[in-house]
1. How well do other chains shield peptide B:137-145, expressed as the mean number of their Cβ atoms within 10 Å of each residue Cβ?
2. Please arrange B:His393, A:His94 by counting, for each residue, the other beta carbons lying within 10 Å of its beta carbon, fewest first.
3. Compute the relative contact order of chain B as a whole-number percentage, counting only Cα pairs closer than 8 Å that sit 6 or more residues apart in sequence.
4. Need the list of aspartates and glutamates near A:Lys130 for cross-linking: C-alpha distance under 15 angstrom, and skip anything on the same chain fewer than eight residues off.
5. Taking θ as phi - 60°, what are the ³J(HN,Hα) couplings along the range B:80-94 by the Karplus curve (6.51, -1.76, 1.60), each to the nearest whole Hz, with x for Gly and Pro?
6. On average, how many beta carbons from a partner chain sit within 10 Å of the beta carbon of a residue in B:96-106?
7. For chain B, find the longest principal axis of its Cα atoms and tell me its angle to the long axis of helix B:445-457, 0 to 90°, nearest 10.
8. Please say if the protein assembly as shown is rounded, prolate or oblate, where rounded means a/c under 1.5 for a ≥ b ≥ c the square roots of the C-alpha gyration tensor eigenvalues, and otherwise the choice is prolate for a/b larger than b/c and oblate otherwise?
Amino acid sequence: MKKNILNYLIAFFIIISLNFFVPRLMPGGPIEAIYGSEVLLNISPETKEAIISSFGLDKPLFGQYFQYLVSILKGDFGYSFYQNSPVLKVILNHLPWTLGLMGSALFFSTSFGILLGMESGWKRGSKIDKFLLNFMIFSASFPSFFIAILFLILFGIILGLLPIQGARSIYSNLGGMGSIVDIIKHALLPMASLIFVFTPSTYIITRNSMISNLAEPYILLAKAKGLKETKIKYYHAGKNSIIPVMTQTGIRFATRLITGALFIEIVFSYPGMGSLIYNSIQLRDYPVLQGSLLVITILVLVVNIILDFFYKKVDPRINYAY
Amino acid sequence: MLKVENLVTRYGEKRILNKMSFKLDKGETISVIGESGTGKSTLGFAVLGMIGEVSENSKVEGKIEIDGFDINKLDKEDLRKLRWKKVSIVMQNIDDALNPTITVYKQIEEVLDKQENRNKKIIDILKKIDFPLNRKDAYPHQLSMGERQKILIAMAFISNPEVVVLDEPTSSLDTETKNKIIAIIKKLSENKAVILLTHDISMAKKLSNRTLVLYGGTTVEYAETKKLFKNPRHPYSRGLIRSYPDSSRTKDLQGIRGRAEFVKTGCPFYKRCTQAIDICSIKKPKLLKRNGSFIACHRGGIIPLIKMEKISKNFGKLQILNSINLTLFEGETVTILGKSGAGKTTLAKILMGLVEKDSGNIYLENKEVKRFDAEYYKKVQMVFQDTRSSLSHRMKILDIVMEPLVVQDIGTRQQRTGKAKKVLSEVQLPSSRSFLNEYPHHLSGGEIQRIVIARALMLEPKLLIADEPTSALDASVQAKILKLLNNIQENRGLAILFITHDLDLAKKVSDRIVKLENGIIS
Ligand SMILES: Nc1ncnc2c1ncn2[C@@H]1O[C@H](COP(=O)(O)OP(=O)(O)OP(=O)(O)O)[C@@H](O)[C@H]1O
Ligand code: SF4
Ligand SMILES: [Mg+2]
């Protein structure tokens, strides 16, 4: 475990270092790389001075690097001239929406995927298994934004059941419960799309690993022991079938964050990190972009650390693998 | 307590167990032995009503009765409740018979449902099987094979079932651990009915009162364990025992010729049996009771190839043989041990019809021998003591080897040559044209001995009398010749009457040793 955390720390260090060095190695110098040429043309010399000294660009490279590390640790990610606000603040305005959306979508899609996958694997070859399998393969074949648009048109526009834009109603003045319901309503369509997109892979991994676990002698022994079906299904076979789901979730988290956050948030104009990144790209708001990438990286690492922890709880063999 | 009647199991089209029947009472242990793939584990799963779980494409017929319940007639839920309460199993595959992500303690615990004193029970049995208690919360991969094996055994006995199936409970263990576990099992299985599925003959000997020999899913012999191992009656049982290393036997290991094959009709063993007759490939022999044990063989088991009854011989006043009784079974080596002049060669010569006996009878394959005719010599051949002088120096090797066929007027010259080449290669001599055309005086003692053996084998005899066949050879050549005879015996079921005065040699080559002294065999 210690060794693992060290690995993560090293990974983290490499990423923030890249974040520091890459702009400095780009043509046009760091300021242009960080702020874009348009900004440079429009700011006053004093501001430029301020920027230069705030980055320590007048100091030697090592000093700059040190200053950069210190400011990151302090939570100072720079300043966005477009938003006229510190980068960290901008990000913190958007991050909770993404966390909420992704978190709940991951929770539900993983739960559905695991439950359905176990059921399917247990009853391999049955009607329900065939139906589920075909359905999942079918739905996995659509790109995420397509699903999002489909949901938006169907439930939002044609049926008019749910709001199709934003994270809450802007002009209404709902208090307490009302605003919570409002937020949930807004989140429902993007969340449903995400669940729809995420579930198949979890389902398929669980089903496959369930099927291979069911062929293991220890399952035969569990049956010979006269254990109840539910115990064999969930405790003996099911538990072990989650293990690959956990590793896969960690591996896929980064891509999911991007497909989830970027595409789906954009389709629904959901004010999370995806929309923020999208807008920053369009505006070339590089400080925000850089900060966002850093935050996302940290998020991916943290999720992996947490999964690692649970993974070891479930699979005692792992400690021996190192 | 346990009754198996006409049990038939199929995986797909393949019939694995074929009308198996046996009964088992409290306190009894039955060993089921047989080669890999013969259906031992299948029997184990059948007894727990698990064949359907092993393969969906399976079928079970017949009756398995445990404590009055017919396993094959119970519905799923009743069967589930009966498992482990009345019948439990130690599965063969200890590598992954335990769930890797659950502690071994919990895996034992879960068979006890919610019993109140379960912790005490578990600790008790773990102590009994000598399992280190501080390791009880380990995961399977943290334990050694022996420890895992102990856990599986503890698990099988803890619920105090009436029937326990042990499927290779000590495979992949070192001898010391194995012996410990055998002792533990013995203690635990008092007042239980135990089915031991194994190909470990020494364990079968130690643990069981009765043994059932399975070949291709068919019971070929079923007898008291002691009796069966001391005196196996079925050719397959003997082959199985012979191929298993056993410190109480000195003869070199021998296998069973050919390999296990699926046979549709006839005796399942007929392709490998060295005493098969025509009917064996057509009709399946029934399992019949003979002398208190059951055997399925058209010939009633290994046949007595030659039987000497009250053979006496005097040379003038000198009594050489005094009412000798001796029987040689098919595929068996019997050594006659005796001092020089004890009459060993005389007995051999009587068997060859070269010396006339004064009284007594000889039976070949249960028929009295009246005349020593061509038919007799087809089945009985001899290799003499003084080999070099028994070969004519004016004959080429080919002619020497072919001679018996010429004398018996069998085959064309071409066929005889072909046969000679085959037999020569069987005794590991070259069969090139130049070698065939050589004269024997060029050859070494070992080569000459091989030629003599080849000549004796030309008629495919069933009995070979070998009178000090290696006395003139140095030890390394002797070893090769004896190994050769051993192999030929394995492949042809040849019975060998070996005559020597060398006790160590006798031990190495023979199934039985008899002593000839003062005209009497003991
Ligand atoms: N699930 C299955 N489906 C089809 N055939 C099977 C299945 N399990 C076993 N068999 C076949 O049944 C036969 C008997 O197998 P079984 O495991 O009972 O042999 P065994 O006597 O226990 O052998 P071993 O000494 O190797 O354990 C073999 O030919 C095997 O290939
Ligand atoms: S003699 Fe025939 S019946 Fe007997 S074991 Fe040999 S092949 Fe089978
Ligand atoms: Mg087996």
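1. That average works out to 2.
2. Ascending Cβ contact count within 10 Å gives the list B:His393, A:His94.
3. Working: 973 pairs, mean separation 69.9, N = 522.
With pairs under 8 Å counted, the relative contact order is 13 percent.
4. A:Glu119
5. Computed from phi, the couplings for the range B:80-94 are 4, 5, 6, 4, 6, 6, 10, 9, 10, 9, 9, 6, 5, 8, 6 Hz.
6. Going residue by residue through B:96-106 and averaging, the value is 5.
7. 80
8. Numbers: a/c = 3.40, a/b = 2.47, b/c = 1.38.
Cα axes put the protein assembly as shown in the prolate bin.
Readers should treat all values here as calculations from the given coordinates under stated rules, not as data from a laboratory. Since we're looking at a predicted model, the values are computed, not measured. With ideal geometry, Cβ positions are generated from the backbone for all residues, glycine too; neighbour counts draw on all protein chains shown.
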